[in-house]
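Asker: I have a structure here, written as structure tokens, and I will follow up with some questions on it.
The values are calculated or read from the model by the stated rules, or taken from the named source; none is laboratory data. Quick caveat, the model's predicted, so the values are computed rather than measured. Cβ placement follows ideal geometry from the backbone for every residue including glycine, while neighbour counts extend to all protein chains displayed. We work out accessible area using only protein heavy atoms, side chains counted, and drop any ligands, DNA or RNA first. Shrake-Rupley method; radii C 1.70, N 1.55, O 1.52, S 1.80 Å.
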Amino acid sequence: MRYLILSDIHANWQALEAVLADAAGQYDRILCLGDYVGYGASPNEVVDWARAHVSVNLRGNHDRAACGLTSLDWFNDHARASALWTMAELSAENKAWLRALPQGPLPHEDFALIHGAPLDEDEYITSPDLARDALDYLEPALAFFGHTHLQGGFVRAGRRMLTVPRLPAKERAAVYEWQPGTRCLLNPGSVGQPRDRDRRAAYALYESGAHSLAYRRAEYDVPLAQAAIDAAGLPPILSARLAEGY
Ligand code: ZN
């Protein structure tokens, strides 16, 4: 089975459309690691699409916030403002769908899906040490995670931890291969709000049983996504950051 792996779409319809066009014909099923909504201006469009097209869905912290499953106290000001806007904007059906999303780790075939960390979907795996801890709580040798909005990941080879190298700014694709027997925690990056100083939408392609992952980036119409955020009256930082990818 060939999978299109998405994470952190964050209601950015323009970025999602570009990813789907870029990956067209190269996958059989879609997996999503959560955060369908929050920050962006198209929550219903993205959730309608996910309900129709995504085979394996997972809950993210912003999905939990947008359907009232969590307190907004720990969100910063712009995240809270966007969660409140999203809550008011989402249809009752879409909110019910978000509320019913499973929490990770979610086993699928011979890998696992998580949003943040295995024990806490709000925790960011941003270092080899955090990845080493996370791998201890995961049964399969391969897991995909999101939440950091940073494409890449970490691999444990015996006692050594390796960091997956970044995709160079001018490259649209890079295949990362690992040795059998290693344990991998890999992040496809964020479709709708990349934070690795590369504004292009990030995603990954994986084929069952392979010891490799294709990291991809797709250009999208950033000004259009920004205009939608501004027109919705969302905090200006949410449109500004898309231009720089931070
Ligand atoms: Zn996110």
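Asker: What part of the accessible area of the chain, given as a whole %, is carbon or sulfur when the probe is 1.4 angstrom?
Answerer: Solvent-exposed carbon and sulfur of the chain make up 50 percent of the total.
Asker: Only bridges whose two residues both fall in the chain count here: according to DSSP, what percent of them are antiparallel, nearest 5?
Answerer: 70
Asker: Of Ala202, Ala100, Ala225, which is the most mobile in a GNM of the chain whose springs link Cα atoms less than 10 angstrom apart?
Answerer: Ala100
Asker: Kindly give Rg over Rh for the stretch 1-102, based on alpha-carbon atoms, with the Kirkwood expression for the hydrodynamic radius.
Answerer: 0.98
Asker: With a cap of 12 neighbouring Cβ atoms within 10 Å, and only residues DSSP puts in a loop, list the chymotrypsin sites (Phe, Trp or Tyr not before Pro) found in the stretch 62-123.
Answerer: Those satisfying the criteria are Trp74.
Asker: Restrict the search to the stretch 126-213; then list the trypsin sites (Lys or Arg not before Pro) that DSSP places in a loop and that have at most 13 other Cβ atoms within 10 Å of their Cβ.
Answerer: Arg159, Lys170, Arg172, Arg197
Asker: Then there is this: In Å and on Cα atoms, what radius of gyration and Dmax does the chain show?
Answerer: Just the Cα atoms of the chain yield Rg and Dmax of 16.7, 51 Å.
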